[in-house]
Each structure stands twice: as structure tokens, then as C-alpha cells.
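As C-alpha cells, the structure follows; a few thoughts come after it.
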Amino acid sequence: MIYYSIVPPEVALVDASAPTPDYQEVEVEGILMTVEMVQGQARIHRLHSPDPAHYLDPRYQPGNVVNLV
């Protein structure tokens, strides 16, 4: 099958029946981040910080789990 479109394939060919992730914006230790709630844990998806030191801190790398307590 050949697909011709201006819409990128990752957008147009998305499985609509697949569950969407549960993303939430939270603040952990003064750093705003988007986390994905997975089985009661918060996995970092994205940081929203103007401080470059936060991006270099291995505790806040995307994919790591953080405590929301």
C-alpha cells in the first residue's frame, strides 16, 4: 500500500482503539513536569523548566519514576 498525504503517518495511522496514556502536570521539588501515571507510580514524560541544571540531573530524566508525596 502506498500512502500519499501531507499528514505524517504517525498521526494518520494511529490505532484509535489503543488506550491513551494518563498524563498529568505536577510539580516535584519545585520542578514542573509532565508525568504518566502507571500502576500508581508517576513516570516522568517531560520537564518544563527554564533551568538547564534540571535537565542534567539524572533523577529527573524522562522514564524515571518520581514520588508525588
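Where a number appears in this text, it was derived from the coordinates with a stated rule and is not lab data. Not measured: the values here are computed from a predicted model. Positions of Cβ are generated from backbone atoms using ideal geometry, with glycine treated the same way; all protein chains shown enter the neighbour counts.
Among the residues of the stretch 1-22, which ones are over 26 Å from V38 (Cβ atoms) and either surrounded by 10 or more Cβ atoms within 10 Å (Cβ to Cβ) or hydroxyl-bearing (S, T, Y) (or both)?
Y3, Y4, S5, A12
Which one is nearest to R43 (Cα to Cα), of the residues in the stretch 2-18 that are among the aliphatic types (A, V, I, L, M) and assigned to a loop (DSSP other than H, G, I, E, B)?
A18
Go through the stretch 29-48 and report how many residues are surrounded by 14 or more Cβ atoms within 10 Å (Cβ to Cβ) and in contact with a Leu (Cβ under 7 Å, 6 or more places away or on another chain).
The qualifying residues number 3.
Determine, yes or no, whether S49 is touching a helix residue (DSSP H, G or I) at 6+ places or on another chain (Cβ under 9 Å), free of Cβ contacts under 8 Å to residues at least 12 places away in the same chain and among the polar types (S, T, N, Q).
no
Every residue, every condition in (1) of a type in the set (D, E, K, R); (2) assigned to a helix (DSSP H, G or I); (3) in contact with a Ser or Thr (Cβ under 8 Å, 6 or more places away or on another chain), yes or no:
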| position | (1), (2), (3) |
| --- | --- |
| T20 | no, no, no |
| T34 | no, no, no |
| R43 | yes, no, no |
| R46 | yes, no, yes |
| A53 | no, yes, no |
| R59 | yes, yes, no |
| G63 | no, no, no |
